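The values are calculated or read from the model by the stated rules, or taken from the named source; none is laboratory data. The structure displayed is predicted, hence computed values, not measured ones. When we count neighbours, we look across all protein chains shown, and the Cβ atoms used for this are built from the backbone with ideal geometry, even at glycine.
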């Protein structure tokens, strides 16, 4: 099979032929149709996070494809089913987090494309319990970004408490943020989109943002405070300055939900204003299998739009550069059908 392999952290990926994996008794083998490119894949390939993956490995955790083989102990997934392979490759299923609906916090979890080979390939094996069915009628090219960017921002918006009469700001309107804008709007919130790129702000307006703010032209926090302050902010931006600006945009009793991960792993937050303002700072990491089912249901009902561009896996290294340059409006998706 063709795959894009990280041979050494920080080196270009090697797009080459390699052995097709075989499923264990509890796994399924999936012939991938498509896989989205998440910034996390770039962090993984470059080894930029404190816990680093071990080369060689295949990145990718927004995979969608058709099950072609099942293990001997698998009875919940059938050959021929279209499934999504998300970041949460597997979890223990028995710890306090798993049994209380917080499987994404399981300390024994294994992450797709990081701890085990992922979806930048023609085939992948996955734990049958953790693949999620993709409803009929959803384009696999849409389903791929929804498998991470969608479920991540959907869960983050849930944590904001977004509802009618609330004001929710989204800092960073790209692959994740354009979906966060839509989920906040679906919840009935007044949505403020903040970015530094005119094209992304135009997109946000079309997708349901009530207000758009160019952070290169004005102080975003001051502008949001003039609107009455945000009840909550979803920060998909990975810049400490952006996250700190998001904090300053909150009204009293506001919630800052952080999704983006700064490379230097630090932000500066004033304790005095946090305590007296009753501010909550919440970390949000992807979403559960149930969250992803809900994301797919919303999309199947025509409630969301995925803004994406198609690429070939052969061009994966150029795609990394494209994402890092900021030139991509939303999501890049690899088409893996027919050897693409």
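Suppose we keep only residues that are touching a residue at least 60 places away in the same chain (Cβ under 8 Å) and part of a strand (DSSP E or B) within region 100-125. Which one would you say is surrounded by the fewest Cβ atoms within 10 Å (Cβ to Cβ)?
125
Quick check, is residue 295 under 20 Å from residue 188 (Cα atoms), within 17 Å of the chain's Cα centre (by Cα) and touching a residue at least 12 places away in the same chain (Cβ under 8 Å)? Step through it out loud before you land on a result.
Values: under 20 Å from residue 188 (Cα atoms): yes; within 17 Å of the chain's Cα centre (by Cα): yes; touching a residue at least 12 places away in the same chain (Cβ under 8 Å): yes.
So residue 295 fits the description; yes.
Scan region 251-275 residue by residue and report those that are within 24 Å of the chain's Cα centre (by Cα) and at pLDDT 95 or above.
Narrowing region 251-275 to residues within 24 Å of the chain's Cα centre (by Cα): 254-267.
254, 255, 256, 257, 258, 259 - these are the residues of region 251-275 that are within 24 Å of the chain's Cα centre (by Cα) and at pLDDT 95 or above.
I want to confirm something. Restricting to region 150-193 and keeping residues that are on the phi > 0 side of the Ramachandran plot and in contact (Cβ under 8 Å) with a residue 60 or more places away in the chain, which single residue is surrounded by the fewest Cβ atoms within 10 Å (Cβ to Cβ)?
Of everything passing the filter in region 150-193, 161 is surrounded by the fewest Cβ atoms within 10 Å (Cβ to Cβ).
Being surrounded by fewer than 17 Cβ atoms within 10 Å (Cβ to Cβ), assigned to a helix (DSSP H, G or I) and outside the structural domain of residue 159 (by TED's automatic domain parsing), is that true of even one residue in region 254-273?
No.
Mind checking whether some residue in region 63-76 is modelled with pLDDT of 95 or more, out of contact with any strand residue (DSSP E or B) (no Cβ under 6 Å at 6 or more places or on another chain) and within 17 Å of residue 148 (Cα to Cα)?
no
Could you please find all residues in region 296-315 being buried (at least 23 other Cβ atoms within 10 Å of the Cβ) and within 17 Å of residue 3 (Cβ to Cβ)?
313
Would you mind stating whether residue 51 is surrounded by fewer than 20 Cβ atoms within 10 Å (Cβ to Cβ), at pLDDT below 95 and either in a loop (DSSP other than H, G, I, E, B) or at positive phi (or both)?
Working: surrounded by fewer than 20 Cβ atoms within 10 Å (Cβ to Cβ): yes; at pLDDT below 95: yes; either in a loop (DSSP other than H, G, I, E, B) or at positive phi (or both): yes.
Yes: the conditions hold for residue 51.
Just checking, how many residues over region 54-93 are assigned to a loop (DSSP other than H, G, I, E, B) and either free of Cβ contacts under 8 Å to residues at least 24 places away in the same chain or under 23 Å from residue 336 (Cα atoms) (or both)? Can you show your working first?
Let us first name the residues in region 54-93 that are assigned to a loop (DSSP other than H, G, I, E, B), namely 54-56, 58-62, 71-81, 86-87, 91-93.
Now restrict to residues that are either free of Cβ contacts under 8 Å to residues at least 24 places away in the same chain or under 23 Å from residue 336 (Cα atoms) (or both): 54-56, 58-62, 75, 77-81, 86-87, 92.
Residues flagged as assigned to a loop (DSSP other than H, G, I, E, B) and either free of Cβ contacts under 8 Å to residues at least 24 places away in the same chain or under 23 Å from residue 336 (Cα atoms) (or both) within region 54-93 amount to 17.
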